[in-house]
1. So, in the stretch 155-164, exactly how many residues are surrounded by 15 or more Cβ atoms within 10 Å (Cβ to Cβ) and not in a helix (DSSP H, G or I)?
2. From 126, 97, grab the single residue that is part of a helix (DSSP H, G or I), out of contact with any strand residue (DSSP E or B) (no Cβ under 9 Å at 6 or more places or on another chain) and within 22 Å of residue 181 (Cβ to Cβ).
3. Looking only at the stretch 205-213, decide whether some residue is loosely packed, with under 14 Cβ neighbours inside 10 Å and on the phi > 0 side of the Ramachandran plot.
4. Tell me, please, whether a residue that is within 24 Å of residue 87 (Cβ to Cβ) and without any contact (Cβ under 8 Å) to a residue 40 or more places away in the chain can be found in the stretch 129-140.
5. Select from the stretch 50-76 the residues that are touching a strand residue (DSSP E or B) at 6+ places or on another chain (Cβ under 6 Å) and either free of Cβ contacts under 8 Å to residues at least 60 places away in the same chain or farther than 27 Å from residue 34 by Cβ (or both) and list them in ascending order.
6. Can you name every residue in the stretch 120-146 that is touching a helix residue (DSSP H, G or I) at 6+ places or on another chain (Cβ under 7 Å) and within 23 Å of residue 44 (Cα to Cα)?
7. Quick one: would you say residue 167 is surrounded by fewer than 19 Cβ atoms within 10 Å (Cβ to Cβ) and either assigned to a loop (DSSP other than H, G, I, E, B) or at pLDDT below 95 (or both)?
8. Any residue that is modelled with pLDDT of 95 or more, in contact with a strand residue (DSSP E or B) (Cβ under 9 Å, 6 or more places away or on another chain) and not in a loop (DSSP other than H, G, I, E, B) - is there at least one of those in the stretch 134-145?
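The values are calculated or read from the model by the stated rules, or taken from the named source; none is laboratory data. Keep in mind that this is a model prediction, so the values were computed, not measured. For neighbour counting, all protein chains shown are included, and Cβ atoms are generated from backbone atoms with ideal geometry for every residue, glycine included.
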């Protein structure tokens, strides 16, 4: 089972946290489509048309280097060519592999204040400063929070919020147990599970068959 994020976050705040990696076995994509669409505890952060023929759900961790590579190198092209064109609806969900990633996810949600575009802006900033996030966590969270109008007290309050942490833990447990997410990034493209970062060309190859009759 995943390590309790509540325990891990408390340890982080005492500067004694250790990273944890989660693992489990996969499952067939055609058994997952309905589960992926099921509402989760935290509001989904979504961009793209609600009527898009393709829905991509990504589970990522803000301290995962492969997730950062996808965010920086692939996502901008995906957004320009497919999301903005109404062909892809993109859902970002958190699967923090360690306490620093959990704190960063909570900060991104506070910075967004319910606005998905601000959430994606915050997570992109966090990915681009990933090494600083890992090595200088508190300072990096405060710096990024400042960019969204949060002072140090607001940042500290955000990452100590028990209600959000409980929901983050519940969503992670659901992904782990029911969707068999055991690594980041993990993608579900119209219910089909794909693990690991992809190049834009590899992603396009997955999207093309779903769009060929449109």
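1. The total comes to 1.
2. Exactly one of 126, 97 is part of a helix (DSSP H, G or I), out of contact with any strand residue (DSSP E or B) (no Cβ under 9 Å at 6 or more places or on another chain) and within 22 Å of residue 181 (Cβ to Cβ), namely 126.
3. No, the stretch 205-213 contains no residue that is loosely packed, with under 14 Cβ neighbours inside 10 Å and on the phi > 0 side of the Ramachandran plot.
4. No, the stretch 129-140 has no match at all.
5. 52
6. Hits for the stretch 120-146 are 122, 123, 124, 125, 126, 127, 128, 130, 141, 144, 145.
7. For residue 167, the condition - surrounded by fewer than 19 Cβ atoms within 10 Å (Cβ to Cβ) and either assigned to a loop (DSSP other than H, G, I, E, B) or at pLDDT below 95 (or both) - is not met.
8. Scanning the stretch 134-145, I find no residue that is modelled with pLDDT of 95 or more, in contact with a strand residue (DSSP E or B) (Cβ under 9 Å, 6 or more places away or on another chain) and not in a loop (DSSP other than H, G, I, E, B), so the answer is no.
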